[in-house]
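The values are calculated or read from the model by the stated rules, or taken from the named source; none is laboratory data. Remember, it's a predicted structure, so these values are computed and weren't measured experimentally. Methodologically, a virtual Cβ is constructed for each residue, glycine included, from the backbone with ideal geometry; neighbour enumeration extends over all protein chains shown. Heavy atoms of the whole protein, side chains included, go into the accessibility calculation; ligands, DNA and RNA do not. Shrake-Rupley method; radii C 1.70, N 1.55, O 1.52, S 1.80 Å.
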Amino acid sequence: MNYNKFLPMTETTYYIMLSLIEPLHGYGIMQQVKSLSAGNVDIAPGTLYGALENLKKQKLITLVADETEKRRKIYHLTELGVDVLKMEYQRMQTLVTISAPMLAGR
């Protein structure tokens, strides 16, 4: 499969997917993203649900049933989503590795 069609990710998409390593509902995702980004990324509900729909269409996340809270939709990364998230992490790590020596002492 050609994973490059999923990369690079926006910062918001990366945080959403990172939040979904464990199953989570929409409001929980918004809170997790805010926490992970130290308050620098604050996702509005419309933005979040648009992103979730896109990620579902791309089969990077899936909707999972929750018996206890039928009103809330719980999302989780698919295996493809985990692979793509890891690739994006590696891509960013490479950028940091390449950049660090060039920026040192500047």
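The combined condition, being part of a loop (DSSP other than H, G, I, E, B) and either touching a residue at least 60 places away in the same chain (Cβ under 8 Å) or open to solvent by 70 Å² or more (accessible area, probe 1.4 Å) (or both), is fulfilled by Arg72. Figure legend. Inter-residue proximity from segment 11-26: first residues among the charged types (D, E, K, R), second residues open to solvent by 40 Å² or more (accessible area, probe 1.4 Å) and not in a helix (DSSP H, G or I), beta-carbon distance below 8 Å, spacing 6+ or different chains. Indicated pairs: Glu22/His76. For segment 32-51, a residue qualifies if it is more than 13 Å from Leu18 (Cα to Cα) and touching a strand residue (DSSP E or B) at 6+ places or on another chain (Cβ under 8 Å), but none of them does. When segment 24-43 is filtered for residues that are open to solvent by less than 50 Å² (accessible area, probe 1.4 Å) and either not in a helix (DSSP H, G or I) or not small (Gly, Ala, Ser) (or both), the ones remaining, listed by number, are Leu24, His25, Ile29, Met30, Val33, Ser37, Gly39, Val41, Ile43.
If you check Ile21 against the conditions, is it crowded, with 16+ Cβ neighbours inside 10 Å and part of a loop (DSSP other than H, G, I, E, B)? No; evaluated as a whole, the condition is false for this residue. When the test is whether a residue is closer than 25 Å to Asn4 by Cα, modelled with pLDDT of 95 or more and outside any helix (DSSP H, G or I), Lys59 passes it.
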